[in-house]
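To keep things clear, I will list the structure first and then write my remarks on it.
The values are calculated or read from the model by the stated rules, or taken from the named source; none is laboratory data. Owing to the predicted nature of the structure, the values given are computational and were not obtained by experimental measurement. So basically every Cβ, Gly included, is an ideal-geometry build from the backbone, and we count neighbours across all protein chains shown.
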Amino acid sequence: MIVQRSLFTAAKAGFVLPAWFWLGAGLYALLLVNGNARLNDPDTYWHIAVGKWILDHHAIPHIDTYSFTKAGDPWISTSWLAQVLYAGSYEIGGWAGPVILAATCIAGTFAFLTFILNRRIRSIHAIMIALAAVAVSASHFLARPHVVALPVMLAWVDGLVAASERREPPSFWLLPLMVLWANLHGGFVFGLALIVPLAFDALWNAEVSQRRPLALRWIVFGACACAACCATPYGWGSILASRKILAMGELLNLISEWSPADFSHFSIFEASVLALIGGSLYFGVKLSPPRIILVLGLFHMALSHVRNADIFALLTPLVLLTPVSSQFGLQEDRLGKMIFPTVPAALLVAAFGVSTWAFAANHRFSPPLIHSPAAAIDVLKFRGAKRVLNDYPFGGYLISQQMPVFIDSRAELYGEQFVMTYFRALQLKDVNQFLGMLKEYEIDAVLLMPATPAAGLLDHLNGWQRVYSDETAVVHIRNADNAENGKHDGAFR
C-alpha cells in the first residue's frame with residue numbers, strides 16, 4: 001500500500017520511473033519473497049561465523065581455529081569484510097539480515113547493468129539483456145561474499161571499458177573500488193587482470209603517435225591498482241591466497257561450483273551462448289581483436305568453472321555494448337538518462353524499507369534442513385564427540401555450532417592432496433584408506449549423509465554403532481569398549 005501511494009504521488013508529479021528501477025525493484029521483491037533460496041548453501045554458516053569472530057575479537061584470522069585436522073595452520077580470509085557485513089546483518093535481523101543484504105546487492109547489480117546498457121540502447125533492449133543475464137546467473141544468487149562484490153565488480157569494469165573507449169587511462173577514482181573489492185572477495189584478482197586486455201583495446205583504437213604515452217599511463221594505473229589490492233589487512237597475502245585456490249588441479253572438478261559447464265542437458269546458459277553466437281553470425285557483429293580475445297576469455301572462464309557464468313553474463317554486455325550500438329546505429333531513449341528527483345527517491349527508499357521490514361517480520365527465513373543436521377549435532381554433543389569425521393556439506397553448520405570439523409569448503413586450507421584423499425575414502429574407492437583415516441585422526445564419531453558409501457560400511461564395522469539417522473544425516477559413534485587405538489576398525493561383523 002505504501003509503495004502504491006508513493007508511485008501515485010510520483011505519477012501526479014509527472015515523474016516516470018526509468019527501466020533500471022523497475023528491473024531492480026522487481027528482482028529485489030522476487031529474491032526477498034523466495035528468500036530461503038538465498039540460504040541454500042552450507043558456506044553461509046561459516047562465513048557468518050568468521051564474521052562474528054572478527055567482530056568479537058576486533059581482529060582478523062591468520063590461522064585455522066575451526067578444524068582439528070588443520071588447527072593452527074596458516075589461513076586467511078580474503079572475504080573478511082563481506083563476512084563482517086553478513087555477521088552484522090545476522091545479528092540485527094536473524095536470517096532475514098543476510099537474505100536482505102544479498103537481495104539488495106544482487107538487485108542493485110542488475111539495476112546498475114540495466115542503467116549502463118540504457119545509456120546506449122533502448123530500455124526494452126536493456127531490460128531483455130539484463131533479464132537474460134539474471135537467468136544465467138540465478139543459480140549463484142546465494143548469501144555469500146561474491147554477491148556483495150558484484151556491484152563493485154560491475155562499476156570497476158564499466159570504468160575500465162569507458163576509459164578504453166575514450167582512448168584514455170582509467171580514472172584514479174576507480175582505485176577505491178579495487179580497495180573495496182580486495183577486502184570483500186578474492187575475485188578482485190580477476191578485476192586486476194582485466195586491465196591488460198582493456199589497455200590493449202585502448203591502444204588498438206588510438207592514433208599511432210598516442211600509443212606510447214597512453215601505454216605508459218595505463219601501466220602507471222595498473223601499478224597503482226596492484227598497490228590498491230594490497231590495501232587489506234593481509235597485504236600481498238590476499239593476492240597469493242586467491243591464486244592458491246586456482247591451483248587446486250583435479251580437486252576443482254569435484255567441487256560443484258568449480259566444475260566445468262555441463263552441456264549434457266540443455267540449460268539457460270547454453271541457450272544464451274547459442275543466441276549470442278547466432279545473433280553475431282546473422283547480424284555480422286564486428287569487434288576489435290582485443291575485445292574478441294576478451295569475450296572469448298570470459299566464455300572460457302564460464303566453460304571452465306560454472307561459478308563464472310555470472311561473470312560472463314554481467315561483463316559480456318559491457319564489452320559488446322559500444323561496438324554493437326555504434327555498428328547498428330542504436331540509440332538510448334529519453335528515459336535512459338532520467339535521474340530521480342530527491343523527494344520521490346527518498347519516498348521510494350522509505351517505502352521499500354518499510355515493506356521489507358513488514359515482510360521480514362512476518363516471514364521465517366532459514367537455511368534448508370539438508371545443510372542443517374541439528375538433531376544429529378544434538379546427538380553428537382550428548383555423546384561428547386570431539387573428533388567428528390563429517391561429510392563435506394556439513395562443515396559449515398558444524399563451525400556455526402562451535403564444533404571442530406574434519407573438513408569444510410576452505411579447500412585452500414586443506415590442500416588438494418588432503419581433500420582428494422578424503423573424497424576417495426568416503427566414496428570407498430579404497431576401503432583401507434577410509435579405515436586408515438579413522439585411525440590416523442583418532443575419529444570418535446562420524447557424521448555423514450545417508451547416501452555416502454562410507455555410512456553403509458560403518459553399519460557392518462566392529463567397534464562402531466549407528467546411534468542416529470534421518471533423511472539428512474547418519475551418526476555413528478565408536479564403542480567405548482573398543483575405542484582404544486581403534487583396534488577393531490578393520491574387522492567386519
Pairs where the first residue, in the range 217-235, is assigned to a loop (DSSP other than H, G, I, E, B) and the second is surrounded by 15 or more Cβ atoms within 10 Å (Cβ to Cβ), C-beta under 6 Å, 6+ apart: Ala231/Val179; Thr232/Ala182; Thr232/Asn183; Thr232/Ser238; Pro233/Ile60; Tyr234/Ile76
Identity of the residue in the range 378-408, free of Cβ contacts under 8 Å to residues at least 60 places away in the same chain and part of a strand (DSSP E or B), that ends up surrounded by the fewest Cβ atoms within 10 Å (Cβ to Cβ): Val388
Sole exception among (1) buried (at least 16 other Cβ atoms within 10 Å of the Cβ); (2) small (Gly, Ala, Ser); (3) within 30 Å of Trp95 (Cα to Cα); (4) free of Cβ contacts under 8 Å to residues at least 60 places away in the same chain for Ala411, by number: (4)
Residue in the range 251-301 that is farthest from Ile129 (Cα to Cα), counting only those that are assigned to a helix (DSSP H, G or I) and at pLDDT below 90: Leu251
Matching option when the condition is in contact with a Leu (Cβ under 9 Å, 6 or more places away or on another chain), in the same structural domain as Ile116 (by TED's automatic domain parsing) and in a helix (DSSP H, G or I), among Leu142, Leu131: Leu131
Extreme residue, modelled with the highest pLDDT, among residues of the range 334-370 that are assigned to a loop (DSSP other than H, G, I, E, B) and under 28 Å from Arg122 (Cβ atoms): Pro341
Members of the range 167-178 found to be without any contact (Cβ under 8 Å) to a residue 24 or more places away in the chain and not in a helix (DSSP H, G or I), listed by number: Ser171
Test: Ala199 is part of a helix (DSSP H, G or I) and either over 20 Å from Gly297 (Cα atoms) or in contact (Cβ under 8 Å) with a residue 24 or more places away in the chain (or both): yes
Restricting the range 393-432 to residues that are out of contact with any helix residue (DSSP H, G or I) (no Cβ under 7 Å at 6 or more places or on another chain) and among the charged types (D, E, K, R), the residue that is nearest to Lys244 (Cα to Cα): Arg410
Selection status of Ala59, assigned by TED's automatic domain parsing to the domain that holds Val189 and closer than 30 Å to Ser325 by Cβ: no
Residue in the range 384-395 that is closer than 20 Å to Ala87 by Cβ and in the same structural domain as Glu440 (by TED's automatic domain parsing) present: yes
Leading residue by the ranking (surrounded by the fewest Cβ atoms within 10 Å (Cβ to Cβ)) among those in the range 236-250 that are at pLDDT 75 or above and assigned to a helix (DSSP H, G or I): Leu240
Filtered residue count, the range 58-81, keeping only those that are more than 11 Å from Pro233 (Cα to Cα) and of a type outside the set (Gly, Ala, Ser): 11
Flag if Ala143 is surrounded by 22 or more Cβ atoms within 10 Å (Cβ to Cβ) and touching a Lys or Arg at 6+ places or on another chain (Cβ under 6 Å): yes
Per-region count, the range 61-116, residues among the hydroxyl-bearing types (Ser, Thr, Tyr), in a helix (DSSP H, G or I) and surrounded by fewer than 21 Cβ atoms within 10 Å (Cβ to Cβ): 1
Unmet requirement for Ala149, which otherwise passes all of (1) over 16 Å from Leu314 (Cα atoms); (2) in a helix (DSSP H, G or I): (1)
Every pair of residues 6+ apart whose Cβ atoms lie under 8 Å, when the first sits in the range 26-52 and is in the same structural domain as Phe112 (by TED's automatic domain parsing) while the second is basic (Lys, Arg): Leu31/Arg38; Asp41/Arg144; Asp43/Arg144; Thr44/Arg144; Trp46/Arg410; His47/Arg144
